[in-house]
Every structure is written in C-alpha cells, then in structure tokens.
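The values are calculated or read from the model by the stated rules, or taken from the named source; none is laboratory data. What you are looking at is a predicted structure, and each value in this text was computed from that prediction instead of being measured. Note that we place each Cβ from the backbone using ideal geometry, even for glycine, and neighbour counts take in every protein chain shown. Surface areas here come from the heavy atoms of the whole protein model, side chains and all, with no ligands, DNA or RNA. Shrake-Rupley method; radii C 1.70, N 1.55, O 1.52, S 1.80 Å.
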Amino acid sequence: SNKPRKKKKKRKTKKNSAGETVEDNDLEDIESLLERIEDRRLAPQSQGGVSADSRPLLYVEHRNLNPENELKRYFGARAVLGDQRPRQRQRQYVRSMWLTAPKNTWPRYSKTGITMQLLDMGRGVQHFTFEHHREYQQVQFKFLDAVESMDPNNIVLLLQMNPYHVDSLLQLSDVCRVQEDQEMARDLIERALYSLECAFHPVFSLTSGTCRLDYRRPENRAFFLALFKHLMFLEKRGCPRTALEFCKLILSLDPEDDPLCVLLLIDFLSLRAREYTFLTRLFQEWESHRHLSQLPNFAFSVPLAYFFLSQQEERPELERGQAREQAARLIQLALIMFPSVLMPLLDHCSVQPDARVASHPFFGLNAQISQSPALNQLTSLYVGRTHALWKDPAVMAWLEPHAHEVLRMVDAQNALVQEAEHKRKIRYRSAPRNIYRHIILSEMKEATAALPLEVTSQPVMGFDPLPPLDSIVSYTRPERTSHPSNESTLSLFFRSLLPNFNLQGDVRHEGDDEAGAAQDLNQGVNRLMAAMRDMLANIQFQEPPREDNPEGDGDWD
C-alpha cells in the first residue's frame, strides 16, 4: 500500500499537416461506414423488378427521426457537429430519447403527472392513452385561466413553475412563432415532445406502426399536435426525410381517422425527400380502400413520382418504361378529374400556357368558379404547397403533351370526362373537420382564405384547434361560482372605493318579507359606517415641513 502509484501516460492525438486531429477524421470515417452498413442491411432486395420489402408500410426507422443524421448526409459530420467531442454531445444525467435530444439550456426534468396506459390489445394493434394525474389537472386548469386572460405573460409565469406543461409549451410556441422567434418556438415544441416521450408506456413503440392513440381523448391531442408542429419546423429547416418519418409516425397513430389529415402532406414530403418508391407503394396499397386518387394531391403527386422514377438511369429499362406509362396514364386522369389545378399551378410556376390551353374553357376560369368550396380548399392547398416541385423544365415539358391529349378527349366527349364531372358535383360538398384542422395548422394562405365562415368565426387555440365533436372527456374543469350582480349604483360606487364593502351582504332568497328587507338595509348601513370608520382610521397624515427644515424629513405619501 505504501508503493508509489505509477502515473498513466495520456496518449496525445497526432495532428496532420492541416492541423486537424486524426481522431476527428477517424470518427467521421467510422460514422460514414456505419451508415453505409445500415443502408445496405435495410435496403430492400428485388427480384424481377418487384420490391421484396416485407416491412409494414408505416414502419418508422429510429435513425430517420434524428435531423442531425440527415444534415450529416448533406454536409458531413464535421459541419454539423463542429468541434464537439462525443462526450460533450449529451448530458450525462438525461435519458436517451428518439424524438428529440435534450438540451443543456432546458430545466431539469421531473415527473409532470402525465402517464400512458395500455387500454387493449387485439387484431395486431395496441391502443394506448395518455392520462393526467390530479396535480397535472390542477396545472391544466390554471393554464386554461391563463389562456382566457389573453395575456401570454401568464403562460410564461405558469411555465416558470411547471416547465414541462405540454399545452403551455404548445401555446407559447405559437406566440413565439407569430413574433418571428422561430428558434424559441421550435425549442418549446421539442421540449413538449421530450416531456411526452418521458411518459411513454414500456410497450409503446414508435417504429412498429401498430400502436394507436385516440384523438377524441383530449389528453392524446397534444402528442399529435407536437409531432405535426415539429415536422413543419423540420421541413422548413431543410430536413424533408426526417419530416417524412414524423409524418409516417402521426399517420400510424390513427391511420383510419387521420385526425390531422396528414395524407394531404405526406405526398409532398415524399417528393421533397425523393422517396418516390414509398409514395407509389402507399398509393398502390391504399387506393382500394382509401380512394386516394380522389384527393388532388395524390392525383397529381403520384404521376409526378412515377415520372421521376422513369428518369433514374440506374434503374432497368423495363422499370423505367413501366413508370413512364403509369405517369402518363395517371396525369391524364388527374387533369380530367381536377381541371382547376392546371392554370393556378402554371401561374405559380411563372409559366405561360400555349394558346390552345389558355383559350379552352375546360381549363379556364369557369373550372375554378364552378367547383365546390371544399374542392377549392384542397386544390388551393396543393398548389400553394407543391408548386415549387413542378418548376423543373423537364417536368413542364412532360406535362404539356398530356394537357393537349386531355383537351382532345374533352373535344371528343370522352366518357371519362363526363364521369369525372359527375363525381365533382356529387362529391366534395363539404370538407370533414380534420381537413379544416389540417389547413389551420398548415397556415397555407391560399387554402386559409378559402375556409368557410363557420370555421373562421370561432376562436382557434394552438393547443387544441377545432376539437372533435365526439370528444371522450375523462375530467372536466370546475365551474366558477359567480352570482349575477344586482347591486345599486351607490353600492357599486362604495365597492370601487372599498373593495371589502358589501351593501347587500348575503343574497336574500325569494319570498322574504318586508321586515327582513328592512333588517338587511339596516345591516348594510351599519357595514357601510364600519367600513368608513376603518378607512378613516387607516389614513395617516404627513406633517408639513417646518420653516427651519423646508425640505422635510422625508417624502410625502
């Protein structure tokens, strides 16, 4: 024990001629090698041009939920991580998360009172729900009071006491976004996701695509909304692949009802992320029971995806030819079904149509005026969101001959044209509530301007926009006890001077006699005199300054 301990020598990192450490280069090489191995392991094998990917359609990959992985593929690990060492990238006391990475600037997390329960299992899916404990319900009631006050400072004060209250984070994020503080707005959404993920049930899986949440329960809505707002920030940040993965996650939580109607968005993200195979697979598997071709976004985006697949030279010529045929057939059906899309799309792309297309009434202004308001909302949303994807000259060159072919079919009075016109008249009479909710959350001005008056006239809160009409309420906010004021003018005047004064005292019940009324009046006068005496007793007069001390000893009250 008395022997001197030998000091361990630290190995110094060697530097090359450029002054960069070899450790950083090795780190980047290892990360890129692991990504290549992962890509090769997860790449679908194909036989005879048929995809053999047996994973579920809405399968979510953990690595695609991290925007840093996408940014590193674009710019390299050193450009994204900078000079950070691996040990500096994460705090030691926080648990690892899939949806977002905790930040050093966040308050230390403690249990908020949110838990997740497993409701039932069957038919290959598991139904979960978030639950609010009693202490969290009390915070929720305070939050609703803060919202009704219309003062964001009250929400800030509430978050100082409860830094991981989810609805407060969502609402304050909208306030920051309106004030153009995008960084803070995004940070608040990430903190809300972190708070919800900490409450996950051990069996709840993000990747399986078999876990369900019911949007009709108010406790579950915050998770849907936080995911949607987060993917919108990711798309604006330039991470469409990560945003697509979050979109798939939202759709997997409730694929039947789709409460946020992310089907109106998933095609755009697939095209931006160049995931053309996923989009065509989604269309093939869901068209039979979801009728995706009746949505303008799928009617136009799917043939565009087939066109991009036909332009990939690494694909076999047979696959490219089949994709080219599918693109031609589907784009003609889309132009026949939704003729009101073409002219606004060309206008947003700053493309002047030729004389035949511009002068034909089928694509003219009448096509936009004659369609229903619900269809106008869908077409305006699609054009406003995806017009940048159509600006490619190669895309316009591919679109032009098919527009002429559609006009030839219209002049020939083809049965498909008449059938599409009949469908437009009987369908799209009114949009469901989830489409309105999606348009409000997307904030696409082209579609927001087309919302009906019954939607725009009601207040819309960022923490719960357009709640379902068939909500499943587990707890209710206690009613405030407020008595109608029937005080006289004299009583209100004295109450303004003396907040504790009450001329009427307790409210008299109906049927009291005149003696009781006179007694109440006498008691009210006595209370008034007592209140006046109390006020006069508390008044303190300041003596005027003496002549020898004109400034006085102190300030006047």
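Residue-wise test of (1) of a type in the set (V, I, T); (2) within 30 Å of P465 (Cβ to Cβ); (3) in a helix (DSSP H, G or I).
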{"residue": "R385", "(1), (2), (3)": "no, yes, yes"}
{"residue": "V395", "(1), (2), (3)": "yes, no, yes"}
{"residue": "A403", "(1), (2), (3)": "no, no, yes"}
{"residue": "A420", "(1), (2), (3)": "no, no, yes"}
{"residue": "K425", "(1), (2), (3)": "no, no, yes"}
{"residue": "S430", "(1), (2), (3)": "no, yes, no"}
Right, S340: among the small types (G, A, S), assigned to a helix (DSSP H, G or I) and surrounded by fewer than 16 Cβ atoms within 10 Å (Cβ to Cβ) or not?
-> no
If you go through L227, L260, the only one that is of a type in the set (A, V, I, L, M, F, W, C) and outside any helix (DSSP H, G or I) is L260
Within segment 456-477, track down each residue that is at pLDDT 90 or above and either assigned by the TED database to the domain that holds Y215 or not acidic (D, E) (or both).
-> F463, P465, L466, P467, P468, L469, S471, I472, V473, S474, Y475, T476
Would you mind finding the one in R427, R385, R408 that is touching a helix residue (DSSP H, G or I) at 6+ places or on another chain (Cβ under 8 Å), more than 30 Å from A222 (Cα to Cα) and not β-branched (V, I, T)?
-> R427
Would you check which residues across segment 179-193 are open to solvent by 10 Å² or more (accessible area, probe 1.4 Å) and either closer than 20 Å to L144 by Cβ or not aliphatic (A, V, I, L, M) (or both) and list them?
-> Q179, E180, D181, Q182, E183, R186, D187, E190, R191
Could you check, for segment 316-323, whether at least one of its residues is in contact with a helix residue (DSSP H, G or I) (Cβ under 8 Å, 6 or more places away or on another chain), surrounded by 15 or more Cβ atoms within 10 Å (Cβ to Cβ) and basic (K, R)?
-> yes
